[in-house]
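Each remark here refers to the structure printed beneath this line.
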Amino acid sequence: MAKIKLVRIDSRLIHGQVITKWIPITAAKQVIIIDDDLSQDEFMGDIYASAAPRGGSCRVISVADAVKSWQQNQFGEGNTMILFQNIENCYKAFKEGLPFKNLQLGEIPMKKGRVTVFKAISFNKEEALKLKEVMDSGVEIILQPVPELSKVEFKKTLKKFDL
């Protein structure tokens with residue numbers, strides 16, 4: 001059974017901070033990107049797979065395949081980092097039964113209708129409600145773009161949405 005060391009939403013997925021900071025901190029040997037759109041794009045999947053750290057692996061799979069893989073073999077062996085590009089895929093995986101106890105929010109870029117809640121993390125009320133549902137189920141959600149920043153509890157951001 002894989003040890004899920006970090007579940008993170010970060011629009012950039014695998015990038016410098018993930019490779020040089022989060023992967024060493026978690027000692028992850030396996031990175032699983034769960035994204036319905038990217039799983040259909042073989043070219044981009046190959047690019048992300050090639051970004052895997054030395055001695056590690058990276059794969060891009062759909063939400064349905066992630067849930068099925070977890071149910072069948074719990075992602076194999078070793079320390080594992082799960083990355084989502086957006087709240088929607090994370091929420092969908094949660095609703096379909098992918099278990100996780102902690103969720104870290106990295107970079108979620110500003111878009112029309114979103115509110116910046118901390119550094120480079122923004123979401124709208126609908127996304128806040130989805131994350132609140134995940135939190136209310138017992139998942140600890142923190143905002144922490146980089147390890148050097150202190151963790152901020154997600155529930156503190158809900159006041160921006162009168163929740």
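The values are calculated or read from the model by the stated rules, or taken from the named source; none is laboratory data. Note that the structure is a prediction, hence the values are computed from the model and not measured. Here Cβ is always computed from backbone atoms with ideal geometry, including for glycine, and neighbour counts include all displayed protein chains. Areas reflect the complete protein model, heavy atoms only, side chains present, ligands, DNA and RNA absent. Shrake-Rupley method; radii C 1.70, N 1.55, O 1.52, S 1.80 Å.
Hey, does the range 66-86 have a residue that's aliphatic (A, V, I, L, M) and surrounded by fewer than 18 Cβ atoms within 10 Å (Cβ to Cβ)? Within the range 66-86, not a single residue is aliphatic (A, V, I, L, M) and surrounded by fewer than 18 Cβ atoms within 10 Å (Cβ to Cβ). With a requirement of 1 or more residues that are among the β-branched types (Val, Ile, Thr), touching a residue at least 12 places away in the same chain (Cβ under 8 Å) and touching a strand residue (DSSP E or B) at 6+ places or on another chain (Cβ under 8 Å), the strands (runs of 3 or more DSSP E) lying completely within the range 1-117 that satisfy it span 3-9, 30-34, 57-61, 79-84. From the list GLY138, GLY113, GLY106, the one residue that fits, being open to solvent by 40 Å² or more (accessible area, probe 1.4 Å), among the small types (Gly, Ala, Ser) and touching a helix residue (DSSP H, G or I) at 6+ places or on another chain (Cβ under 9 Å), is GLY113. Among the numbered conditions (1) surrounded by 14 or more Cβ atoms within 10 Å (Cβ to Cβ); (2) more than 30 Å from SER69 (Cβ to Cβ); (3) of a type in the set (D, E, K, R), the only one that GLU148 does not meet is (1). Among the residues of the range 1-16, those that are open to solvent by 60 Å² or more (accessible area, probe 1.4 Å) and touching a Ser or Thr at 6+ places or on another chain (Cβ under 7 Å) comprise LYS3, LYS5. Within the range 17-41, the set of residues being open to solvent by 40 Å² or more (accessible area, probe 1.4 Å) and either farther than 20 Å from ASN86 by Cβ or touching a Pro at 6+ places or on another chain (Cβ under 7 Å) (or both) comprises ILE19, THR20, LYS21, PRO24, ILE25, ALA27, LYS29. Checking each residue in the range 118-163 for being over 24 Å from PRO99 (Cβ atoms), of a type in the set (D, E, K, R) and not in a loop (DSSP other than H, G, I, E, B) picks out LYS125, LYS156, LYS159, LYS160.
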